[in-house]
1. Those residues that are surrounded by 23 or more Cβ atoms within 10 Å (Cβ to Cβ) and either closer than 20 Å to residue 139 by Cβ or in contact with a Pro (Cβ under 8 Å, 6 or more places away or on another chain) (or both), I need them from region 30-44; list them, please.
2. Which of the residues that make up region 233-256 are surrounded by 13 or more Cβ atoms within 10 Å (Cβ to Cβ) and among the small types (Gly, Ala, Ser)?
3. Tell me which helices (runs of 4 or more DSSP H) are completely within region 1-80 and hold 2 or more residues being at pLDDT below 95, or say none if there are none.
4. Scan region 306-327 residue by residue and report those that are under 15 Å from residue 274 (Cα atoms) and small (Gly, Ala, Ser).
5. Check every one of the helices (runs of 4 or more DSSP H) wholly within region 191-237 and list those with 1 or more residues that are at pLDDT 90 or above and in contact with an Asp or Glu (Cβ under 8 Å, 6 or more places away or on another chain).
6. What residue, of 50, 95, is within 30 Å of residue 117 (Cα to Cα) and either touching a Lys or Arg at 6+ places or on another chain (Cβ under 7 Å) or touching a residue at least 40 places away in the same chain (Cβ under 8 Å) (or both)?
7. Would you mind telling me which numbered condition in (1) crowded, with 16+ Cβ neighbours inside 10 Å; (2) under 20 Å from residue 22 (Cα atoms); (3) at pLDDT 95 or above; (4) not aromatic (Phe, Trp, Tyr) residue 139 fails?
8. I need the full set of residues from region 218-247 which are touching a Ser or Thr at 6+ places or on another chain (Cβ under 9 Å) and over 30 Å from residue 171 (Cα atoms), in order please.
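The values are calculated or read from the model by the stated rules, or taken from the named source; none is laboratory data. Only a predicted model underlies this, so the values are computations on that prediction, with no experimental measurement involved. Here the Cβ positions follow ideal geometry from the backbone for every residue, glycine too, while neighbour counts run over all protein chains shown.
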Amino acid sequence: MERHIVHVDMDAFFAAIEQRDNPALRGRPVIVGADPQGGRGRGVVSTCSYEARKFGVRSAMPISEAWRRCPQGVFVPPDFARYEEASGKIRQAFYEFTPDLEQVSIDEAFLDITRSAHLFGGPLETCRRIKLRVGELTGLSCSVGLAPTKMAAKIASDLKKPDGLVVVDAAGLRAFLSPLDISRLWGLGPKTAELLRARGINTVGQLAAARDSDLLALGSGGPALRLLALGEDPREVREDYDTKSVSNETTFGADTGDEREIRAALVALGDKVSSRLREGGFKGRTITLKIRLEGFETYTRAKTLPFSTNYADVISKEALELYAAFARGRKRVRLLGIKVSGLMPAGEREGLFEEEGDARREKAHKAIEAIREKFGHSSIYRAGGKKDI
């Protein structure tokens, strides 16, 4: 089966948000970053609008250089709270089209729509709908690449910015890659490119046809780069499940609309995530609820708390409130998940005073843990929860 991998890259993300929220900035060269202080400031450009790029301003450029190139630019300090809010809405849009999502950064992601594209009129129409939905939720544009591999999708999304859509099919993959400059290859840095150019290798096609002797200077990475140049990229789209978060999910045996069953599952999931957090010595501040409906429509809802927690009743309560605010209509629920992120060591204090009730919670949790350690996890569970989560 041909894979359909989508790479979505927001267009000048931070600057676009500033222009969206302040109409006076539209059409002007906006530079998000440190204070330039008349060209003597320190720091770098976070991002800039396309109007600023016409003057040669680029991301990661020293702010003093950006000032010299574009003194008439509007320099704006970054507002990461607003950017994170927009990123959350974008992620919500992605989950409406596929559960297979890999968030690369705040403003770009990979989506595998191989299993779900038929629900939206095919791969190309799915990409069009993704672009439309992102615009509806955020008022922002994005550029999209559709290809059978992650690398080709990423390259494609960058070719017709802003607001672009480039499609590469499996039959045309080699032809698409061949004329591109080697700098387009994902993972090929400037020093490696310099070594290749010294041997007359300037395009992806030339790299694909390179002799083994031409690649010796690249060491063990040479053969892998040639495989990428040949269009061979087996990397899959997958979410990062490291210790940045602790999560647990349950898939119902049959899609359900039974509110009691759904609420019981959420209580049990909160209990499970709490146990994993405490076993790992963590607590977290952001609680995310994942809901997958029949037909694989997947949504996430999140809330960031004033203080970090690893208490089951707090996690379950917040997840239940997030669920109560979610309108699923008549569609049944296939899967539920709870994730706690923004982790920190459980013993680290965030304020001078304990939150009211924490001492009682800690005592209760330790009592439950002692019973489970002696008789197993299923020996005791919280009221309203399910034993088999």
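1. Going through region 30-44, the residues surrounded by 23 or more Cβ atoms within 10 Å (Cβ to Cβ) turn out to be 30-33, 36.
Across region 30-44, the qualifying residues are 30, 32, 33.
2. Selection gives 245, 247.
3. 63-69
4. 308, 312, 316, 319
5. On the way: elements: 204-208, 212-215, 221-229.
Where helices (runs of 4 or more DSSP H) fall fully within region 191-237 and carry at least 1 residues being at pLDDT 90 or above and in contact with an Asp or Glu (Cβ under 8 Å, 6 or more places away or on another chain), they are 204-208, 221-229.
6. On the way: 50 fails: within 30 Å of residue 117 (Cα to Cα).
Being within 30 Å of residue 117 (Cα to Cα) and either touching a Lys or Arg at 6+ places or on another chain (Cβ under 7 Å) or touching a residue at least 40 places away in the same chain (Cβ under 8 Å) (or both) holds for just one of 50, 95, which is 95.
7. (1)
8. Result: 241, 244, 245, 246, 247.
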